[in-house]
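Asks: Dropping the structure in here first, questions after.
The values are calculated or read from the model by the stated rules, or taken from the named source; none is laboratory data. Predicted model only: the values in this text are computed from it and were never measured. Don't worry about glycine lacking a Cβ; one is built from the backbone with ideal geometry, like all the others, and counts go over all protein chains shown. Side chains are part of the model used for accessible areas, which takes the heavy atoms of the whole protein and leaves out ligands, DNA and RNA. Shrake-Rupley method; radii C 1.70, N 1.55, O 1.52, S 1.80 Å.
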Amino acid sequence: MTKPDSPGVIAPPPLIFLAGLALGFGLEALLPSPSLAGWLAWTLGSALLLAGAALVASFARALRRAHTPIDPYRPPTAIVSVGPYRLSRNPGYLGMALVYVAICLLAGALWGLVVLIAVLALIDRGVIVREERYLEAKFGEEYRRYKGSVRRWI
C-alpha cells in the first residue's frame with residue numbers, strides 16, 4: 001500500500017483546539033477557577049479574539065492566493081512565504097491559539113488555559129513536526145531555506 005501524499009497529522013488542528021476547549025470547560029464545570037476582573041477579561045479577551053481571527057483570516061487568504069490547500073490532508077502545491085508566513089511558519093495555529101485564549105478569558109474558563117499547554121504540545125508534535133518533515137521531503141532545499149529564515153511560532 002502506498003503512503004498518501006500528506007503529512008499524516010494526527011487530527012485536524014481545529015478539532016484539537018476544540019477538544020482542548022471542551023476539556024477546559026469540563027474542568028471549569030467540575031472545579032470553577034478564580035475569575036479575572038470583568039474589564040480585564042473583556043479587554044484582553046476581545047483584543048486576542050480580534051488578533052487571532054485576523055491572523056487566521058490572513059493565513060487562509062495567503063494559502064488561497066498561492067493556490068495551495070488549507071486542509072492538512074491534501075498535498076500542498078507551494079511553499080507560502082508571504083503575508084503572515086513572513087513572520088511565522090504556523091500563523092494559522094498561532095491564530096487558533098490566540099482565539100482559544102480569548103474564548104477562555106471571555107468565558108471565565110481559566111482551566112482552559114492549563115489545558116492549552118497540552119493542546120500546544122499535541123499541535124507541535126502531532127501536527128507541526130509531521131508537516132515539517134513532509135514539507136522538507138517534498139520541497140527540499142526551498143523548504144529548508146524558508147525554515148531557516150522564519151521561526152516556527154513567532
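Asks: Kindly indicate the residue of segment 62-75 that is open to solvent by 60 Å² or more (accessible area, probe 1.4 Å) and either basic (Lys, Arg) or in contact (Cβ under 8 Å) with a residue 60 or more places away in the chain (or both) and also farthest from Ala11 (Cα to Cα) among those meeting that condition.
Replies: Here the answer is Arg65.
Asks: Sticking with this structure for a sec: Listed residues Val56, Val114, Val101, Val129; which is in contact (Cβ under 8 Å) with a residue 60 or more places away in the chain, of a type in the set (A, V, I, L, M, F, W, C) and closer than 22 Å to Phe17 by Cβ?
Replies: Result: Val114 is the single residue among Val56, Val114, Val101, Val129 that is in contact (Cβ under 8 Å) with a residue 60 or more places away in the chain, of a type in the set (A, V, I, L, M, F, W, C) and closer than 22 Å to Phe17 by Cβ.
Asks: Follow-up. Being closer than 18 Å to Val127 by Cα and exposed (fewer than 14 other Cβ atoms within 10 Å of the Cβ) is the filter here, so list the residues in segment 12-58 that pass it.
Replies: Pro12, Pro14, Leu15
Asks: Say whether the condition of being within 30 Å of Leu30 (Cα to Cα) and either open to solvent by 60 Å² or more (accessible area, probe 1.4 Å) or among the β-branched types (Val, Ile, Thr) (or both) is met by at least one residue in segment 76-99.
Replies: Within segment 76-99 (the criterion being within 30 Å of Leu30 (Cα to Cα) and either open to solvent by 60 Å² or more (accessible area, probe 1.4 Å) or among the β-branched types (Val, Ile, Thr) (or both)), the answer is yes, since at least one residue qualifies.
Asks: Please enumerate the residues belonging to segment 74-121 that are over 19 Å from Leu49 (Cα atoms) and either in a helix (DSSP H, G or I) or among the acidic types (Asp, Glu) (or both).
Replies: Listed by number, the residues that qualify are Gly83, Tyr85, Arg86, Ala118, Ala121.
Asks: Is it true that Ile79 is out of contact with any Lys or Arg (no Cβ under 7 Å at 6 or more places or on another chain), aliphatic (A, V, I, L, M) and over 22 Å from Ala19 (Cα atoms)?
Replies: So Ile79 fits the description; yes.
Asks: Looking at (1) under 14 Å from the mean Cα position of the chain (by Cα); (2) hydrophobic (A, V, I, L, M, F, W, C); (3) closer than 23 Å to Pro7 by Cα; (4) open to solvent by less than 20 Å² (accessible area, probe 1.4 Å), can you tell me which one Ala102 breaks?
Replies: Evaluating Ala102 over (1) under 14 Å from the mean Cα position of the chain (by Cα); (2) hydrophobic (A, V, I, L, M, F, W, C); (3) closer than 23 Å to Pro7 by Cα; (4) open to solvent by less than 20 Å² (accessible area, probe 1.4 Å) leaves (3) as the failure.
Asks: Looking at Pro7, is it within 18 Å of Gly95 (Cβ to Cβ), out of contact with any Leu (no Cβ under 7 Å at 6 or more places or on another chain) and either at pLDDT 95 or above or surrounded by 13 or more Cβ atoms within 10 Å (Cβ to Cβ) (or both)?
Replies: No.
Asks: Could we say that Val114 is open to solvent by 60 Å² or more (accessible area, probe 1.4 Å) and more than 26 Å from Gly8 (Cβ to Cβ) here?
Replies: Considered against the rule, which asks whether it is open to solvent by 60 Å² or more (accessible area, probe 1.4 Å) and more than 26 Å from Gly8 (Cβ to Cβ), Val114 comes out as yes.
Asks: Still on this model: Within segment 132-148, count every residue that is without any contact (Cβ under 8 Å) to a residue 12 or more places away in the chain and part of a helix (DSSP H, G or I).
Replies: Matching residues across segment 132-148 total 6.
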